[in-house]
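The structure appears right after this line, and notes come after that.
What follows is calculated from the coordinates using simple rules that are stated; it is not laboratory data. Nothing here was measured: the structure is a model prediction, and the numbers come from that model. Using ideal geometry, Cβ is built from the backbone for each residue, glycine included, and neighbour counts are taken over all protein chains shown.
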Amino acid sequence: MRSDAVGQRSATVTDSGADPRVAGLSKAVVRLRSELDAYPVQLRDRHAAEDALDVLEEQVEAGVPAADVMRHSLLLIVAAVGSVSALSEAMTSLRQAVELFGEPAQFRRVN
């Protein structure tokens, strides 16, 4: 195994070259999409959340997700369905998966 820096965190890359963070992100996207599909109530911004999940899937397929793109997609998803308590665990998993990639280069913490 070797360690590659992405964003501000390091990633352990397996001998096969696969980044386990990408697998975790994929799993979180699939979980949220499944739970969103199963959610029986019609949501006004469901299509926005589905579009943002599509972007995250594209990032996973590319193999090297961009932190700024992932964070933007996460923000759109939270705005669209973040208040739905039935989706909160899946949303938390997605947020945690995105956070593993570190912060975008231009992102600065105030504190």
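Summary table below
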quantity: Segment GLU61-GLU99, length gained on full extension (0.36 nm per residue, minus Cα span); calculated: 11.9 nm
quantity: Ratio of the Cα radius of gyration of the range 19-111 to 2.2 N^0.38 Å, where N counts its residues; calculated: 1.05
quantity: Within the range 26-111: Cβ-based charge dipole about Cα centre, in debye rounded to nearest 20 (Lys, Arg +1; Asp, Glu -1); calculated: 340 debye
quantity: Calculated FRET efficiency for the pair SER88/ALA18, C-beta based, R₀ 22 Å, to 0.05; calculated: 0.15
